[in-house]
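**Student:** Can you keep this structure in mind? I'll have questions shortly.
The values are calculated or read from the model by the stated rules, or taken from the named source; none is laboratory data. Keep in mind the model is a prediction, meaning the values are calculated, not measured. All Cβ positions, glycine included, derive from the backbone under ideal geometry; neighbour counts span all protein chains shown. What goes into the accessible areas is simple: the full protein's heavy atoms, side chains included, and nothing from ligands, DNA or RNA. Shrake-Rupley method; radii C 1.70, N 1.55, O 1.52, S 1.80 Å.
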Amino acid sequence: MSEYRNRSYRYYVSARGEPLAPSGTSGFKPRAPYLKQLIRNHFPADRNASILDLGCGHGALIHFARLAGYKNIRGVDGSPEQVAAAKRLGIEGVEEADLSVFLSKQQAESVDLVIAFDVIEHFTKDELLGFVDHVCRVLKRNGRWIIHTVNGESPFFGCVRYGDLTHELVFTRKSIHQLLLSSGFFNVRCFEDAPIPHGVKSAARWGLWKAIRSVLRLYIAAETGDAGNGGIFTQNFLVVAEKE
């Protein structure tokens with residue numbers, strides 16, 4: 001591992017202007033609507049499915065998945081501070097390891113669902129190809145991969161792209177399709193990270209976002225003639241793909 005990565009991951013939690021992990025699982029509440037919807041819409045129906053969360057951080061998604069009844073889920077993260085935070089929060093089944101090395105040791109076609117939340121942007125292109133091949137190998141036939149990453153189509157993607165010293169890449173719908181369809185995946189779907197209405201404030205945010213999105217579509221239409229119906233304008237986006 002390069003020195004800048006080694007140092008950044010070693011102090012991934014503490015070398016920030018604000019706390020990355022909450023003091024208790026009640027601190028996961030702001031993320032609950034999004035993560036619960038993610039689980040509801042994209043996780044397997046079988047609660048006994050084998051699930052692997054790569055780059056799991058301090059375990060928020062694992063926490064909500066277990067509350068939803070998914071017991072066969074485990075997480076891996078390359079940051080010792082993130083793993084320590086997960087253990088402090090009582091999130092079981094989280095271990096520290098280099099993600100690619102960990103995947104290389106897993107049995108082929110042994111996992112139903114792989115999650116990589118804010119992970120693939122940390123690789124160089126050559127590293128990413130090897131990582132994608134590892135994920136494809138460990139997934140069962142028709143297994144699913146959920147990816148959350150930086151959206152290069154957003155006019156404000158730079159806040160995320162350059163918000164972490166260890167970010168190497170940024171993606172668009174076209175480039176993520178190119179990567180996955182050439183690597184053994186199919187049925188690639190992309191989704192915006194739009195606000196999820198779950199109260200008065202979030203409903204207001206959602207309404208404001210819809211208005212702003214319409215303006216962005218108008219901008220694209222004026223420049224290119226494309227109405228931008230399928231455009232994704234949020235700073236991050238979600239990708240769901242299946243193994244052939």
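**Student:** Amide H to amide H under 5 Å from PHE117: which residues, 5+ apart in sequence or cross-chain, H placed 1.01 Å off N in plane?
**Tutor:** Residues meeting the criterion, in which the H sits 1.01 Å from N, are LEU54, HIS148.
**Student:** While we're on this one: In whole Å, what three semi-axes, largest first, describe the equivalent ellipsoid of the range 91-232 built from its Cα gyration tensor (square root of 5 times each eigenvalue)?
**Tutor:** 31, 18, 16
**Student:** Moving on. How large is the accessible surface of ASP193 in square angstrom, using a 1.4 angstrom probe and rounding to the nearest 10?
**Tutor:** 40
**Student:** Give, as ranges by residue number, the residues of the range 99-133 whose backbone N falls under 20 Å from the point 7 Å along Cα→Cβ of GLU18.
**Tutor:** 118
**Student:** Using only alpha carbon positions, build the gyration tensor of the range 172-236, then give the equivalent ellipsoid semi-axes as the square roots of 5 times its eigenvalues, largest first, whole angstrom.
**Tutor:** Whole-Å semi-axes of the equivalent ellipsoid: 26, 19, 7.
**Student:** Would you work out the relative contact order for the chain, in percent, from Cα pairs under 8 angstrom that are 6 or more residues apart? Walk me through the intermediate numbers first.
**Tutor:** Details: 408 pairs, mean separation 44.4, N = 244.
Once normalised by length, the contact order is 18 percent.
**Student:** Only Cα pairs under 8 Å and at least 6 apart count here; give the relative contact order of the range 126-237 as a rounded whole percent.
**Tutor:** 36
**Student:** Hey, if we sort VAL215, VAL76 by accessible area with the 1.4 Å probe, largest down, what's the order? Let's see the in-between values first.
**Tutor:** Details: VAL215 95, VAL76 0 Å².
Highest to lowest solvent-accessible surface, that is VAL215, VAL76.
**Student:** Which one of GLU192, GLU127, GLU18 has the biggest mean-square fluctuation once the chain is modelled by GNM with Cα springs under 10 Å?
**Tutor:** It is GLU18.
**Student:** Next question, about the same structure. Could you give the size of the charge dipole of the range 1-126 about its Cα centre, using +1 on the Cβ of each K and R and -1 on the Cβ of each D and E, expressed in debye and rounded to the nearest 20?
**Tutor:** 460
**Student:** Additional query: My understanding is that a pair violates if its Cα-Cα distance is over 29 Å; which of LYS71/LYS174; LYS29/LYS125; LYS140/LYS210; LYS71/LYS243 do that in this structure?
**Tutor:** Values: LYS71/LYS174 35 Å; LYS29/LYS125 35 Å; LYS140/LYS210 38 Å; LYS71/LYS243 23 Å.
Cα-Cα > 29 Å for LYS71/LYS174; LYS29/LYS125; LYS140/LYS210; rest within.
**Student:** Same structure, new question: Ignoring ligands, DNA and RNA, what percent of the 1.4 Å accessible area of the chain is carbon and sulfur?
**Tutor:** So the carbon and sulfur contribution to the accessible surface is 54 percent.
**Student:** In whole angstrom, how far apart do the alpha carbon centroids of the range 147-215 and the range 103-119 sit?
**Tutor:** Each part reduced to its Cα centre gives a spacing of 22 Å.
**Student:** Further question: Using +1 at the C-beta of Lys and Arg and -1 at the C-beta of Asp and Glu, which of PHE123, VAL101, TYR34 has the Cα lying farthest in the positive direction of the dipole of the range 18-137?
**Tutor:** TYR34
**Student:** Which shape class, rounded, prolate or oblate, goes with the range 23-96 when its Cα gyration tensor gives a ≥ b ≥ c as root eigenvalues, a/c under 1.5 marks rounded, and past that a/b bigger than b/c marks prolate?
**Tutor:** Numbers: a/c = 2.00, a/b = 1.32, b/c = 1.52.
Oblate is the answer for the range 23-96, as a/c is 1.5 or above yet b/c matches or exceeds a/b.
**Student:** Rounded if a/c is under 1.5, else prolate if a/b beats b/c, else oblate: with a ≥ b ≥ c from the C-alpha gyration tensor eigenvalues square-rooted, which is the range 2-51?
**Tutor:** oblate
**Student:** So, one more: Using only DSSP helix segments of four residues or longer, with each worth -39500 (n - 2.57), what per-residue ellipticity at 222 nm results for the chain after dividing by its residue count and rounding to 500?
**Tutor:** -11500 deg cm²/dmol
**Student:** What would the Debye formula give as log10 I(q)/I(0) at q = 0.20, 0.32 Å⁻¹ for the alpha-carbon point model of the range 161-210, no solvent?
**Tutor:** Ignoring solvent entirely, the Cα scatterers give -0.83, -1.09.
**Student:** Using a/c under 1.5 as the rounded threshold, could you call the range 52-169 rounded, prolate or oblate? The axes a ≥ b ≥ c are square roots of the C-alpha gyration tensor eigenvalues, and prolate needs a/b larger than b/c, oblate otherwise. Intermediate results must be reported in sequence, preceding the final value.
**Tutor:** Numbers: a/c = 1.58, a/b = 1.19, b/c = 1.33.
Here the range 52-169 falls in the oblate category.
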